[in-house]
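A short write-up of the structure that comes next.
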Amino acid sequence: MTSVGIDAIEIWTGKLKLDLPNTFAPTKGDDPEKYTKGLGLHASSMPDVYEDIVTMGANAAKRLMDRRGLAPDDIGRIDVATESAFDNSKPVSTYIAGCLEQTFEGDFHHANKGERKFACVAGTQSIDDAYNWIKAGRHRGRSALVIATDTALYARGDPGEATQGAGAVAMLISEEPDVVELSTEQGYGSADETDFLKPNQQFPSVDGKRSMKVYLARMREALEDYESVVGRTHSDDFAYIPFHTPFPGMVRRAALLGYRHMTRDTEIEDDLAAEIGRQPREDEFDSWEAYEDAIRDYMDGLKGTEQYRDWYARTIDPTLTLAGQVGNWYTGSVHIARASALKMAAETGRGLSGERLLVGSYGSGAQAEIHAETVREGWKEEIQQLNIDEQIARRYDLSFDEYEQVHDVHNHDKEIDVEEFTQPGGEFVFAGWGRMNERKYEYVA
């Protein structure tokens, strides 16, 4: 059977940097460790005044196509996942295709274009759509371009402000892919929730405590659903487990929950019993509240064990490196986590071909998806082409006053004129407004 999966990856980060411990924390009067240790974040990527979800997505896509020697005729569909869209009718994919047509011979007139919305899980859903399109034999030998692009801004003063970020991940979905093959099996956890939403507004309304609970509940349901198809998972089954990462601190909770679930009734639980006891079973307690208290006590003990710390360092921590430097990219978040893990493996010389990843995507509102991916032979050569470290290093370091100006520039309710902080070159930029209030773009060589 022909394999289908991610054939190539490119990343484009916003060109400005907000330093959380050294710029944001002092102005807010906060301990820097609130961000570096609590949230697990050191910096946020912000978009310059000429950047937005279209430019970042188009720039990532152009670099991918250039590097792989692709032409528009090689692409049969362009799917954009975003929760930062600015038009309720015209999809972002059409804007991105229009940008790319400025620099490539030919056009995308025969490519299917769409836009996916389900908060942060939409990037994974777009990959699923591309996978199904190819597996159904409707692709005519062509590949799909999936782009997850977002500017994750919160209202100034919002508790989520420190988790902001901006960037895009472009992925080529093809037969016989170079990076990872996608599993046929998936697990879902979904419910009608109001943990995070944007009802006709740019900045989100967030119930932070509820959002954490919903995230964990949907992830648990998705894992159980996945196991109903493939059988029990084990903590040693996967080289890495990339999670949706709004901030690394949230992943710490999800990873601990997942480890407890995967080690239940295993030799690992037996080995840990002398140190922290066995996992509580619901039928051992007279009330749900008592059972929950026992679970919390067990989890507190579990996270301090050498077995768990070693597993976390190997399996989870490498997925968080990039997120700690760029912040939350909404639909791109889990795809940054995957790239971060593969990048770490390439840099440390780890052989991954044939090993598996377990990918946990989540979108508020709410839905989680879990699926497995098998690493392909060409993964290392592909991942080594990423230049995200260089992009991160050359970001312009904003003062707090400059950050507030940039935030106002990207606030749809404000109209202010701010000079660009960086000089564009070899990229698409926002170039003003058209006659029907559409956004216009041009390529700056």
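Summary table below
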| item | result |
| --- | --- |
| Only one of ASP150, ASP178, ASP129 that is open to solvent by 10 Å² or more (accessible area, probe 1.4 Å) and closer than 27 Å to GLN202 by Cβ | ASP129 |
| Selection within segment 76-95 - small (Gly, Ala, Ser), closer than 19 Å to SER174 by Cβ and touching a residue at least 60 places away in the same chain (Cβ under 8 Å) | GLY76, ALA81 |
| Scope segment 1-49; condition open to solvent by 50 Å² or more (accessible area, probe 1.4 Å) and in a helix (DSSP H, G or I); matching residues | ASN22, PRO26, THR27, LYS28, GLU33, LYS34, LYS37 |
| Among (1) free of Cβ contacts under 8 Å to residues at least 12 places away in the same chain; (2) of a type outside the set (A, V, I, L, M); (3) at positive phi, the one test that GLY365 misses | (1) |
| Members of segment 110-126 that are open to solvent by 30 Å² or more (accessible area, probe 1.4 Å) and either of a type in the set (Val, Ile, Thr) or within 19 Å of LYS440 (Cα to Cα) (or both) | LYS113, GLU115 |
| Qualifying residue in segment 174-185 (condition: touching a His at 6+ places or on another chain (Cβ under 6 Å) and either farther than 27 Å from ALA58 by Cβ or basic (Lys, Arg) (or both)) | yes |
| Options ARG395, ARG376, ARG356: the member that is closer than 25 Å to SER84 by Cβ and among the basic types (Lys, Arg) | ARG395 |
| Residue check, GLY76 of a type in the set (Gly, Ala, Ser), in contact with a His (Cβ under 6 Å, 6 or more places away or on another chain), farther than 23 Å from VAL444 by Cα and open to solvent by less than 40 Å² (accessible area, probe 1.4 Å) | yes |
| Filter result for ASP293 (open to solvent by 50 Å² or more (accessible area, probe 1.4 Å) and closer than 26 Å to PRO32 by Cβ) | no |
| Residues located in segment 309-366, provided they are polar (S, T, N, Q), more than 25 Å from LYS34 (Cα to Cα) and open to solvent by 10 Å² or more (accessible area, probe 1.4 Å) | THR348, SER353 |
| Every pair of residues 6+ apart whose Cβ atoms lie under 6 Å, when the first sits in segment 139-162 and is under 21 Å from VAL92 (Cα atoms) while the second is assigned to a strand (DSSP E or B) and hydroxyl-bearing (Ser, Thr, Tyr) | SER143/SER174 |
| Qualifying residues in segment 96-109 (those that are in contact (Cβ under 8 Å) with a residue 12 or more places away in the chain and over 15 Å from GLY57 (Cα atoms)) - the one least open to solvent (accessible area, probe 1.4 Å) | PHE108 |
| Answer from GLY165, GLY157 - the residue that is closer than 30 Å to ASP19 by Cβ and out of contact with any helix residue (DSSP H, G or I) (no Cβ under 9 Å at 6 or more places or on another chain) | GLY157 |
| Filter pass, ASP389 being farther than 29 Å from ARG314 by Cβ and open to solvent by 50 Å² or more (accessible area, probe 1.4 Å) | no |
| Filter result for THR266 (free of Cβ contacts under 8 Å to residues at least 60 places away in the same chain, touching an Asp or Glu at 6+ places or on another chain (Cβ under 8 Å) and surrounded by 13 or more Cβ atoms within 10 Å (Cβ to Cβ)) | no |
| Residue list for segment 182-224, restricted to those being assigned to a strand (DSSP E or B) and of a type in the set (A, V, I, L, M) | LEU182, LEU197, VAL206 |
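Per-residue answers, yes or no, for (1) under 24 Å from the mean Cα position of the chain (by Cα); (2) among the small types (Gly, Ala, Ser):
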site	(1), (2)
PRO21	yes, no
GLU33	yes, no
GLU83	yes, no
ASN88	yes, no
SER93	yes, yes
PHE108	no, no
ALA122	yes, yes
GLN125	yes, no
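The values are calculated or read from the model by the stated rules, or taken from the named source; none is laboratory data. All values derive from a computational prediction rather than experimental measurement. Positions of Cβ are backbone-derived with ideal geometry, glycine not excepted, and every protein chain shown enters the neighbour counts. Heads up: the accessible areas ignore ligands, DNA and RNA and are worked out on the full protein's heavy atoms, side chains in. Shrake-Rupley method; radii C 1.70, N 1.55, O 1.52, S 1.80 Å.
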